[in-house]
Amino acid sequence: MVVVVHGGLSEKDFLAFDTLIRACEMAREVMREKEAIDGVESAIKILEDDPRLNAGTGSFPNLLGEIEMSASVMKNDYSCGGVAAIKNVKNPISVARAVMEKTRHILLVGEGANLFASLLGFEPYNPVAELTIETLKESICEAEKEKNPIYHCYLEKAREKLRETHWGTVGAVAKDEKGSLAAGTSTGGVKMQLPGRVGDSPLIGCGTFACPFGAVSMTGEGEEIIRWGLARRIGEWMEKVDAQKAVNMGIELAREKKIFCGVIAVNSQGEIGWGANGGILPLAYWKKEMEEPLCMLTNNS
Ligand code: ASP
């Protein structure tokens, strides 16, 4: 049994390791009884629920201030599902899984995804947290200009809060006791995205991929990850090379094409790999032989 989770490629220090660890612990518990896909879903739900991470609650808003979330899941038998630009649900990853398990389709978007979620009984939920952050940013700007010095006393703390508040997209890959593999990714997208923009995260073969050789979750510049189909390449390379080597090959390609991205992977033997081109990739992992999950920052740039 193995699980690896990431908290999105970022250029800032990462201070949400507690949540990454909790996500690994949850996957570990769930996979004692269930499969890799259950481990991945339960881990990602924990990550989505942390407002400091850009997925589920806390997602970046689009240019109109609306939150449109995207997520996908895939298993080693090529079953897969995703949602893009979905609104008003708490856990897009669970809706993505429902698309995989309950429909003939792979991807539902926008209004169709919202309708699907509500017909399935997913409770309406307002994932706004970024707007709070936006308000905080505006308050800081105003406080900086304020003549009354009392406001200046709060500035440092407020800036600190802002620095702490927001990191990236989330993802998980896992292998269970029986050898099944699964990958999942969930995001609020990127800053200043146009309404309706879809990045790599809900797209199979781009942000998420699994096949009999391995499972992969990506983060970073969605448009470039889509262009080069990075998750599929790394997943398929695991037929011939181990997980870390396949990730390294992906990062080499990313470097050549100047793609800012991060990746986590697990192969069919339960070997894991990770890497990033630019920025830092916070991650946590747990393997059967380890007592507790470990977390780290990776920077391969
Ligand atoms: N890949 C995500 C997107 O383009 C963003 C991220 O991973 O930070 O939507």
Exercise. Which of the residues that make up segment 197-208 are crowded, with 24+ Cβ neighbours inside 10 Å and either more than 9 Å from the ligand (Cβ to nearest atom) or hydrophobic (A, V, I, L, M, F, W, C) (or both)?
Worked result: 203, 206, 208
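Scan segment 88-113 for residues that are more than 18 Å from residue 217 (Cα to Cα), at pLDDT 95 or above and open to solvent by 30 Å² or more (accessible area, probe 1.4 Å) and report the count.
So the first thing to find is which residues in segment 88-113 are more than 18 Å from residue 217 (Cα to Cα), and the list is 88-90, 98-99, 101-105, 108-113.
From what's left, at pLDDT 95 or above: 89-90, 98-99, 101-105, 108-113.
Now narrow it down to the ones that are open to solvent by 30 Å² or more (accessible area, probe 1.4 Å): 90, 101-105, 108-109, 111-112.
Summing the residues that are more than 18 Å from residue 217 (Cα to Cα), at pLDDT 95 or above and open to solvent by 30 Å² or more (accessible area, probe 1.4 Å) in segment 88-113 gives 10.
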Seminar exercise, completed: Pairs returned, first residue in segment 175-196 that is at pLDDT below 95 and within 16 Å of the ligand (Cβ to nearest atom), second residue that is open to solvent by less than 50 Å² (accessible area, probe 1.4 Å) and of a type outside the set (Gly, Ala, Ser), beta-carbon separation under 6 angstrom, 6 or more apart or interchain, are 188/54; 188/60; 188/69; 189/60; 191/60; 193/62; 195/62
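Identify the residue in segment 85-103 that is outside any helix (DSSP H, G or I) and in contact (Cβ under 8 Å) with a residue 24 or more places away in the chain and, among all such residues, is nearest to residue 182 (Cα to Cα). Spell out the reasoning first.
Going through segment 85-103, the residues outside any helix (DSSP H, G or I) turn out to be 85-91, 103.
The next check asks that each one be in contact (Cβ under 8 Å) with a residue 24 or more places away in the chain; those that pass are 85-91.
Values: 85: 22, 86: 22, 87: 25, 88: 26, 89: 22, 90: 21, 91: 17 Å.
My answer is 91.
Would you mind listing the helices (runs of 4 or more DSSP H) fully within segment 219-301 where at least 1 residues are open to solvent by 50 Å² or more (accessible area, probe 1.4 Å), farther than 26 Å from residue 77 by Cβ and without any contact (Cβ under 8 Å) to a residue 60 or more places away in the chain? Steps first, please.
Numbers: elements: 222-228, 230-237, 243-257.
By residue number, 222-228, 243-257.
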Problem set entry | Residue, surrounded by the fewest Cβ atoms within 10 Å (Cβ to Cβ), within segment 2-19, restricted to residues that are under 13 Å from the mean Cα position of the chain (by Cα) and closer than 13 Å to residue 278 by Cα | 10
Exercise. For residues in segment 209-227 being closer than 23 Å to residue 282 by Cα and over 16 Å from the mean Cα position of the chain (by Cα), which is nearest to the ligand (Cβ to nearest atom)?
Worked result: 224
For this session: Considering (1) at pLDDT below 85; (2) touching a helix residue (DSSP H, G or I) at 6+ places or on another chain (Cβ under 8 Å), say which one residue 135 fails and leave the rest.
Result: (2)
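Would you confirm whether or not segment 145-162 contains a residue that is within 11 Å of the ligand (Cβ to nearest atom) and part of a loop (DSSP other than H, G, I, E, B)?
No, every residue in segment 145-162 fails to be within 11 Å of the ligand (Cβ to nearest atom) and part of a loop (DSSP other than H, G, I, E, B).
The values are calculated or read from the model by the stated rules, or taken from the named source; none is laboratory data. All figures in this text were calculated on a predicted structure; none of them were measured in a lab. Using ideal geometry, Cβ is built from the backbone for each residue, glycine included, and neighbour counts are taken over all protein chains shown. Areas reflect the complete protein model, heavy atoms only, side chains present, ligands, DNA and RNA absent. Shrake-Rupley method; radii C 1.70, N 1.55, O 1.52, S 1.80 Å.
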